[in-house]
Amino acid sequence: MGILRIATAPIAGMKPGTSGLRKKVAEFARPHYLANFVQSVFDAVRPAEGFAACTLVLGGDGRYYNLEAAQLVIRIAAANGFAKVMVGQGAILSTPAASCVIRKHRAFGGLILSASHNEGGPDGDFGIKFNAANGGPASERITDAIHARTLAITEYRISDTPDVDLGRIGTQRVDDMQVEVFDPVADYLELMRSLFDFDALRGLFGSGFRLAFDAMHAVTGPYAHAIFERELGAPPGTVRNGTPLPDFGGGHPDPNLVHAKELLDLMMSAHAPDLGAASDGDGDRNLIIGRGIFVSPSDSLAMLAANAHLAPAYRGGIVGVARSMPTSGAVDRVADALGVPCYETPTGWKFFGNLLDAGRVTLCGEESAGTGSDHVREKDGIWAVLLWLTILAVRRESVQEIARQHWARHGRNFYTRHDYEAIAGDGANALMAELSARLASLPGVVLAGRTVTLADDFSYTDPVDGSVSDHQGLRIVFEDGSRIVYRLSGTGTSGATLRVYIERFEPDPAHHAQDTQQELADLIALSRELARLQHHTGRAVPDVVT
């Protein structure tokens, strides 16, 4: 027993400016790799007085290597002098629940073990990130400090103690540190009860309303069983694939129309329930499908903003909204109608944190199926479904009726995202460099019958702290409000992922096209031609279309 100081070498992996580390499981399982990163986090965020009065929250999405990683983090935390680690039972804790627990218990911060929507299993991905005391992803200042430390670390400290029993709720000790194993659902459920009228939602299900929720064998299964079935009275079987599995049942825990096709097919069938929903690996994303209609994440954000006042927590109205730059402009028009500001930020939930902490926005969201509010500092899949259920309970209209009325009032943004996954990094970088060099020549040029009014590499100045984030995506905007946006994503672990976003605004409420891809066909073709996409990537078509 005691503390060991293990000599080690610097690691590579975490990119500066990103909120965490995602790699293949085999990479994390290399000797010292995860330990180096955890020690680097503690070195970068250590207060001057040390961790003797600090609580660390810990948990993950249950993917392969989750338990082993949790035990390692506990021993390193003990060796670094933390007073207490709070860990979800079985090392399970959804990302929004982690934010909730950090905030409720005024913890120093938390380590979340997840690669979000990436595949699991021994050949899949693993990830880890640090969330700060506000419950949100660490700021760029902190993540840059962590990255710098990973390149200079020479040793880590670890307690030479047996594993903690993570299956038993209660308190244990590792050296001088207290380890509290807690019910990962309890605090989150308490928070949801404070935001929504559970009696009204029980009434909704009591009236015969049917929900199909696909937890995708990921972390939201326990939360969905507890809330939808046990608390709200939805019938058994409402929650599908509700047991978290290390390989997510062999599936891909990304709630999009490709990986949740079984749910999509059900919702488009004659036997469709009233609402279909899904969440991802760590519980922060959501998919919403009504009977016969898919609600895009961008439209979902706009419709939630327009109807948020129907939930008790937002009855007084919202003070503002925020969206990531690639997200469609649908919520902008809602904000304008409500007379509240709408902020356009780079992709990444940490950019919403300052706005939420400053009280400038109530709701925020990204086109990648993440929506949330000021109740935590992460996007929140279960919360989004509860807000949709609230809207349906109060309005007593179908998802399709609510969507059509929304478009009639605010107009419709036809919107799609095309993902080119695991492409060669050199090709992806060459594409972005070549297109970037052309941007200055595009304003005033007519393309696909539209005049370009703006072409730039998006830069964001934080209105709260004045920090600047450059190179956040190439965008081409036309006089009619149509857009094409190109962005390299940092969420993959193999090669590069190029995301191309295409959008057209339709003000005519009588225009109800069923095929979004056909509506955007000319802009889709232009997006490929402008970027010489096939030349640079070798791909004629995207891997995923949403």
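Quick notes on this structure:
- Estimated [θ] at 222 nm from DSSP helical runs (n ≥ 4, -39500 (n - 2.57)) normalised by residues in the chain, nearest 500: -9000 deg cm²/dmol
- One Cα centroid belongs to region 53-107, the other to region 186-212; the line between them spans 28 Å.
- Annotation: peptides 290-299, 212-221, ranked by per-residue average of other Cβ atoms within 10 Å with the highest first, follow the order 212-221, 290-299.
- Looking at region 389-457, the GluC sites (Glu not before Pro) that sit in a DSSP loop and have at most 15 other Cβ atoms within 10 Å of their own Cβ are 397.
- Here region 257-315 and region 317-384 have alpha carbon centers that stand 17 Å from each other.
- Farthest toward positive dipole pole in region 131-241 [+1 Lys/Arg, -1 Asp/Glu at C-beta], among 233, 142, 194: 233
- Surface exposure of region 159-277, expressed per residue as accessible area with a 1.4 Å probe, stands at 42 Å².
- Normalising the average separation of contacting C-alpha pairs (under 8 angstrom, six or more residues apart) by the number of residues puts the relative contact order of the chain at 13 percent.
- Sorted into 10 angstrom bins from 0, the C-alpha pair distances of the chain split as 4, 18, 29, 27, 16, 5, 1, 0 percent.
- Three-way shape label, region 384-447, alpha-carbon gyration tensor, a/c 1.5: oblate
- The residue list 51, 459, 369 was ranked by how far each Cα lies along the charge dipole of the chain toward its positive end, using unit charges on Cβ atoms, and 51 comes out on top.
- Restriction of the GluC sites (Glu not before Pro) in region 3-108 to DSSP coil positions whose beta-carbon has at most 12 other beta-carbons within 10 angstrom yields 49.
- Percentage, to the nearest whole number, of Cα pairs in region 91-197 over 17 Å apart: 68 percent
- In the chain, the longest principal axis of the Cα atoms and the axis of helix 425-438 are about 50 degrees apart.
- Here the chain has 50 percent of its accessible surface on carbon and sulfur atoms, given a 1.4 Å probe and all protein chains in place.
- Cα convex hull, region 236-390: 119 Å³ per residue, rounded to a whole number.
- Relative contact order (%) - criterion: Cα under 8 Å, at least six apart; region: region 1-123: 30 percent
- Placing unit charges on the Cβ atoms only, positive for Lys and Arg and negative for Asp and Glu, gives the chain a dipole magnitude near 380 debye about its Cα centre.
- Taking Cβ atoms as reference points and 10 Å as the exclusive limit, the residues near residue 332 contribute a net charge of 0, counting Lys and Arg as +1 and Asp and Glu as -1.
- For region 383-439, applying the loop criterion from DSSP together with a ceiling of 14 other beta carbons within 10 Å to the trypsin sites (Lys or Arg not before Pro) yields 396.
- Percentage relative contact order, region 429-485, counting C-alpha pairs under 8 Å, at least six apart: 28 percent
- Per residue, the solvent-accessible area of region 48-118 (1.4 Å probe, heavy atoms of protein chains only, all protein chains present) comes to 26 Å².
- Here region 242-331 is treated as a Stokes sphere of Kirkwood radius computed over C-alpha pairs; at 10 °C and 1.306 mPa s its diffusion coefficient rounds to 107 µm²/s.
- The residues of region 417-479 expose on average 46 square angstrom of accessible surface per residue, using a 1.4 Å probe on protein heavy atoms.
The values are calculated or read from the model by the stated rules, or taken from the named source; none is laboratory data. Nothing here was measured: the structure is a model prediction, and the numbers come from that model. As a convention, Cβ positions derive from the backbone with ideal geometry for all residues, glycine included, and neighbour counts pool all protein chains shown. Surface areas here come from the heavy atoms of the whole protein model, side chains and all, with no ligands, DNA or RNA. Shrake-Rupley method; radii C 1.70, N 1.55, O 1.52, S 1.80 Å.
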